[in-house]
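In what follows, a structure is listed as structure tokens, so that the remarks can point back to it.
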Amino acid sequence: MKAVLLDGTGGADVLRIGEAERPVADPDQVFIKVAATSVNRADINQRQGNYPPPPGESEILGLEVAGTIEALGAEVEGWNVGDRVMSLVGGGGYAEYAVAHAGHLIPVPENMNFEEAGCVCETYITAFLNIITIGGFEDGRTVLLHGGGGGVNTAAIQLCRALTPTAKILVTASPGKRARVEELGADLAIDYTKEDFAEVVRGFTDKKGADLILDHIGGDYLASNMKSLAVGGSLVIIGLMGGTKAELNLAVMMVKRQRIIGSVLRARPVEEKTRITGEFASTVLPLLADRTIVPLIHEVFPLDRVREAHQTMERSAHFGKIVLAIAP
């Protein structure tokens, strides 16, 4: 099968199109003809040699797929050959064929195309898991989202606006993306290049702070995040673009009863991801089906332009998801 292969690790130039063996589905998996996948920050990290796949997963990049079922494992029930599905995968999305655990499948709504479906699982499930399930975010509260126009952040804005309509959504963004962030549903977009976001958050909330912060920066933002966090608030860290280490004033955290939570999705056990996928599908799939939430696509690249797709993400030139079209 045709797939994106790696000639070592490094920049986008290590990516090439080549031939790989088709994966073999286990009894509890399905074999999928992939129509679309998407580029995620984890793919960049893996390409650079900083994020190896979990044991047993494909070395091929790609953490989500959308396509049609071509074959069923012997233990799979409730699905049929020809079903249109989208799914999390532990790897292998940048290829013509992939395998996925049956419990991780979500049906693609009739009015959703495969390019849109290829955007859903990694970013929307990540946002839902960390904001709603883990973060316990509720209507009437305030959330601070870092990431401007990135896939997880734009998904988070859409989910918060749909599921917690009276919540206040604050977002840090570059100057060129602030207007689009607010058009998408944020109450306030903060220019992180010129403004102290902790001071802006405290001013907007009458010094109360944000009840929840979703952060992919890590070390460089820890001090400002804690200043931005309300009494009893939670900081959920899902990325480390700004480093792995920082100093923390534990006394202040204790007095303010704040929580710092680390979270990843890819490395979770199969059964746990099955539960997470089910919760997401029961809550969010109806909103995707009736187009209350429409996956936000920046650009669709054919597979042979995968280097350009990666470079677009690395420049932060995108707003929404970067899609790779595998097959018509």
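For the reader, a short list of remarks on this structure follows.
- The residues in the stretch 1-16 that are surrounded by 14 or more Cβ atoms within 10 Å (Cβ to Cβ) and assigned to a strand (DSSP E or B) can be counted, and the count is 6.
- Hits in the stretch 271-281 - residues which are surrounded by 13 or more Cβ atoms within 10 Å (Cβ to Cβ), touching a helix residue (DSSP H, G or I) at 6+ places or on another chain (Cβ under 8 Å) and not polar (S, T, N, Q): Lys273, Ile276, Gly278, Glu279, Phe280
- Qualifying residue in the stretch 239-252 (condition: part of a loop (DSSP other than H, G, I, E, B), within 17 Å of the chain's Cα centre (by Cα), aliphatic (A, V, I, L, M) and crowded, with 20+ Cβ neighbours inside 10 Å): no
- Residue check, Glu138 assigned by TED's automatic domain parsing to the domain that holds Val300, outside any strand (DSSP E or B) and either modelled with pLDDT of 95 or more or polar (S, T, N, Q) (or both): no
- Of the strands (runs of 3 or more DSSP E) lying entirely inside the stretch 24-132, those containing at least 2 residues that are of a type outside the set (A, V, I, L, M) span 29-39, 64-72, 84-88, 97-101.
- All positions within the stretch 74-104 that are of a type in the set (A, V, I, L, M, F, W, C) and either in contact with an Asp or Glu (Cβ under 8 Å, 6 or more places away or on another chain) or surrounded by fewer than 24 Cβ atoms within 10 Å (Cβ to Cβ) (or both): Ala74, Val76, Trp79, Val81, Val85, Met86, Leu88, Val89, Val99, Ala102
- Every residue from the stretch 186-222 that is of a type in the set (A, V, I, L, M) and at pLDDT 95 or above: Ala186, Leu188, Ala189, Ile190, Ala198, Val200, Val201, Ala210, Leu212, Ile213, Leu214, Leu222
The values are calculated or read from the model by the stated rules, or taken from the named source; none is laboratory data. Bear in mind the structure is a predicted one, so any value in this text is a computation, not a measurement. Glycine also receives a Cβ, built like all others from the backbone with ideal geometry; neighbour counts cover every protein chain displayed.
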